[in-house]
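Read through the structure below, which is laid out as structure tokens, and then see the notes.
The values are calculated or read from the model by the stated rules, or taken from the named source; none is laboratory data. Quick caveat, the model's predicted, so the values are computed rather than measured. We place every Cβ from the backbone using ideal geometry, glycine too, and count neighbours over all the protein chains shown. To get the accessible areas, we keep the full protein, side chains included, count just its heavy atoms, and leave off ligands, DNA and RNA. Shrake-Rupley method; radii C 1.70, N 1.55, O 1.52, S 1.80 Å.
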Amino acid sequence: MIKKFVPLLAVALSQVFASPAFAQSHFDTGNTAWMLTSSALVFLMTIPGVALLYAGFVRKKNAISIAMQVFITVCVVTVAWAVIGYSLAFTHGGTINDFIGGLDKLALKGVFKNSPVGTIPESVYIMFQLAFACITVALITGAFAERIKFTSFVLFILLWTFCVYVPIVHWVWGGGFLAKREVLDFAGGTVVHINAGTAGLVCAITLGKRYNFGRERMEAYNPILALTGTAFLWIGWFGFNAGSAIAANASAGMAMLVTQIAASAAALTWMFTEAAVYRRISVIGVLSGSIAGLVAITPGSGYVDPLGALVIGLMAGLLCFLASTVIKRMLKYDDPMDVFGVHAVGGITGSILTGVFATKSIGNASGLIDGNPMQVFIQFQGVMMTIIWSACMTLVILLIVNLITGLRVNRKTELEGLDIHMHGEALS
């Protein structure tokens, strides 16, 4: 009798312990440690990185307001990501899987301690992707700085996360149609930078220029604060790009190296170009140049070699300088942090040049230099689809928010500063 029940008991126990809740971990501890570190580094980019950078760029009377917006962005996006964002981005969406994911992991259902994504826990992967979501949304705040209502801002970022960011993540990284077309985006050229930069331009144009009351300078009030924020961004970017290897391996090492090269090349290019045009070298300009290089290398950081990274950095420094000065003056829009000029233009530059310099010796993908000119066209498709979706949906969201709460603060609030009027606090 006992012999009859032993096999049945063994089968029953095997089924129980094979379930996700009881699965034994087979995680690579090195990869897990690196991804935990990378997640923390990417969060460092947003708070304090973007918060300090933007606080240094605006006028003193609005420094608290913009830093608060960045901080609250992390809180709002975190809850939205946990409730539904992650599921829509990274699960199967049934018949519309090419466009949007499904609800299999609504409120992170089925995510257990030992749930795997490759060789790391799914919880770590969720945190890593959440950090990307936070910084993408936070970047947009620089485009409408010093003039948006706080309640309108919160509603906007909530809607934008669901309607713009999540679908594009699914298209590129979640198995959607851009992934199937083999658009190369190692760490977020389309998903993060072109997306946020395009949205920033739409926001800047829709809200209109900041009022110039004729009694104050519009320049950045604290370049040292901006430099500190940029330093956090630069360091955090190693987690951003090298972490996108999702492993502590040679790909991560190369991604870190090319990130450093491109950022440095772009900063120097911006510096020398500014010196030639304006006969001066500004701290703000060099900071913008370094960020332009970091942005541009992001999509190709897992696909290009150091020489390719150098060219990408040089091109990004020049093109982003022109976009943030000449083109910005021609179009007459008010984008205080040059979200469009640096992030959109830098992202476009990097995405297209990834199609040129991608090489199988680095990332198992061929670009123009490897005999695959079609990759340039594929990259162009990814760029255009991102721009169209981000621009159109951002405008729709702004119109909806304007109908519900209005978008812009009144003239008195803008004159005296958002800090004191919205938060009851001000820098001395």
Suppose accessible area is computed on protein heavy atoms with a 1.4 Å probe; arrange Ile135, Ile369 from highest to lowest. Ile369, Ile135
Largest fluctuation, Ala131, Ala365, Ala267 only, Gaussian network model of the chain with Cα springs under 10 angstrom, belongs to Ala365
Out of region 93-189, which GluC sites (Glu not before Pro) are coil in DSSP terms and have no more than 16 other C-beta atoms within 10 Å? Glu182
Can you give the helix-only mean residue ellipticity at 222 nm for the chain, where every DSSP H stretch with n ≥ 4 adds -39500 (n - 2.57) and the sum goes over all residues, rounded to the nearest 500 deg cm²/dmol? -19000 deg cm²/dmol
Partner aspartates and glutamates whose C-alpha sits under 20 Å from that of Lys360, ignoring same-chain residues fewer than 8 away, are Glu182, Asp185, Asp305, Asp370
How large, in percent, is the carbon and sulfur part of the accessible surface of the chain at a probe radius of 1.4 Å? 70
Take the residue pairs Lys60/Lys209; Lys61/Lys328; Lys61/Lys149; Lys60/Lys412; Lys149/Lys328 and return only those whose Cα atoms are more than 22 Å apart. Lys61/Lys328; Lys149/Lys328
Using Cα springs under 10 Å in a Gaussian network model of the chain, which residue among Phe213, Phe321, Phe380 shows the largest mean-square fluctuation? Phe213
With a probe of 1.4 Å, find how much accessible area region 132-236 has per residue, and write the answer as a whole number in Å². 31
Any aspartates and glutamates whose Cα falls less than 12 Å from that of Lys180, other than same-chain ones fewer than 8 residues away, would be Asp98
Sorted by accessible surface (1.4 Å probe, heavy atoms of the protein chains only), largest first, Ile246, Ile281 come out as Ile281, Ile246
Mean Kyte hydropathy of 0.0 or more with a Cα span along the axis of at least 20 Å, helices from DSSP in the chain: 2-18, 29-44, 63-80, 122-140, 223-242, 250-278, 283-297, 306-322, 374-404
Using Cα springs under 10 Å in a Gaussian network model of the chain, which residue among Ser361, Ser38, Ser390 shows the largest mean-square fluctuation? Ser361
